[in-house]
Amino acid sequence: MAILSTDDAFSKFRTRLELNDREQNDASRRQQEIRAHMDARFDVDDDFLTGSYRRHTKTKPLKDVDIFCVLGKEERYRRAEPPSVLLEAVRVALADKYGASCVARQRRSVCVDMGVKPDSDDKTGYRVVSFDIVPAFAAGDDYEIPDAGANGGAGGWTKTNPRVHAAKAVAAQVAFDGEWKGLVRMMKYWNNHHDKPIKPSFLIEVMALEVLHAPYGGSRAREMKAFFASLANRIHETWHDPAGLGPPVSDMLNATQKANAKESLLAAERQAGHAMHLSQVGRQGDALTAWRALFGPRFPLS
């Protein structure tokens with residue numbers, strides 16, 4: 001059997017990280033199920049899948065798929081309360097359906113664990129592992145969401161606009177010859193496989209809007225090596241919301257965490273360089289093994 005070339009391996013890796021119909025159907029079914037339950041407990045004007053799932057930059061296994069629930073006028077009184085009150089109300093409502101042990105309040109959302117456990121190859125039987133339900137209020141063309149970590153932990157309301165984020169991702173994909181989203185998914189997969197040195201994963205997308213320079217160079221391996229280096233060089237910077245709303249996306253990392261992330265990224269760049277060297281000296285099988293050690297079990301060996 002012929003050994004995969006590096007280009008073919010990256011092409012297969014890219015495909016393995018893309019959402020398929022069964023996964024999208026499961027996400028849609030669960031969204032409708034959650035919406036029905038939220039409708040029974042709250043006045044909901046609208047809901048939609050958003051975040052990296054909607055931007056097609058979500059990697060696998062599918063975790064923390066965002067569902068935006070835009071609350072209606074009957075819930076407007078909650079805007080005058082601390083954001084933690086609304087998040088707790090959503091948590092209690094969802095715990096009634098999914099069980100308290102499967103529902104957790106987060107900084108800006110409530111997570112519902114669907115009880116799906118990835119296997120050793122990061123496979124989940126095409127099912128979504130968890131959802132993040134984000135309660136929101138319309139604010140003109142934008143939205144306001146609760147932020148329990150704002151104002152030094154006192155809490156507040158953060159403006160956001162997921163449609164602006166999606167439009168920027170589409171523009172970047174076009175400018176980068178259809179490769180931008182695939183490279184972002186690969187970087188997110190690496191990040192997940194190494195205990196998430198970069199948090200939140202959205203920060204990877206925000207940085208990629210600037211550090212992945214069009215046009216696409218033609219080699220995913222070389223682009224990923226350069227991607228690691230560019231993120232390492234600029235991880236210490238403050239990265240603002242692409243929509244120009246809310247706090248910096250990079251505010252979840254302190255100076256020590258940024259330094260640790262830089263070291264992880266530089267180590268990844270070195271590993272990528274080593275894998276490329278193995279290919280150059282004719283050790284292609286070892287090169288593929290090195291790439292898998294860097295990225296994780298979804299990188300193909302054959």
Just one of (1) on the phi < 0 side of the Ramachandran plot; (2) open to solvent by 50 Å² or more (accessible area, probe 1.4 Å) trips up Gly244, so point out which.
-> (1)
Log entry, pairs with first residue in the range 23-37 being closer than 15 Å to Gly115 by Cα, second being open to solvent by 50 Å² or more (accessible area, probe 1.4 Å) and not in a helix (DSSP H, G or I), beta carbons closer than 8 Å, six or more apart or on different chains, reads Asp26/Tyr126; Asp26/Arg127
Looking only at the range 10-22, and only at residues there that are out of contact with any helix residue (DSSP H, G or I) (no Cβ under 6 Å at 6 or more places or on another chain) and hydrophobic (A, V, I, L, M, F, W, C), the one that is surrounded by the fewest Cβ atoms within 10 Å (Cβ to Cβ) = Leu19
Cβ-Cβ below 9 Å, separation at least six or inter-chain, first residue in the range 72-95 and farther than 15 Å from His37 by Cα and in contact (Cβ under 8 Å) with a residue 60 or more places away in the chain, second open to solvent by 60 Å² or more (accessible area, probe 1.4 Å) and assigned to a loop (DSSP other than H, G, I, E, B): which pairs?
-> Pro82/Ala154; Pro83/Arg108; Leu87/Gln106; Leu87/Arg107; Leu87/Arg108
Please find, within the range 122-142, the residue that is surrounded by the fewest Cβ atoms within 10 Å (Cβ to Cβ) out of those that are at pLDDT below 95 and aromatic (Phe, Trp, Tyr).
-> Tyr126
Out of Asp43, Asp66, Asp119, report the one residue that is charged (D, E, K, R) and at pLDDT 90 or above.
-> Asp43
Quick one: is Ala150 surrounded by 17 or more Cβ atoms within 10 Å (Cβ to Cβ) and either at pLDDT below 95 or in contact with an Asp or Glu (Cβ under 9 Å, 6 or more places away or on another chain) (or both)?
-> yes
If we ask which residues in the range 177-196 are without any contact (Cβ under 8 Å) to a residue 60 or more places away in the chain, within 14 Å of the chain's Cα centre (by Cα) and either open to solvent by 10 Å² or more (accessible area, probe 1.4 Å) or over 18 Å from Val211 (Cβ atoms) (or both), their number turns out to be 2
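The values are calculated or read from the model by the stated rules, or taken from the named source; none is laboratory data. These numbers come from a predicted model, not from an experiment. No Cβ is skipped: glycine too gets one built from the backbone with ideal geometry, and neighbour counts run over all protein chains shown. Only protein heavy atoms, including side chains, enter the accessible area calculation; ligands, DNA and RNA are left aside. Shrake-Rupley method; radii C 1.70, N 1.55, O 1.52, S 1.80 Å.
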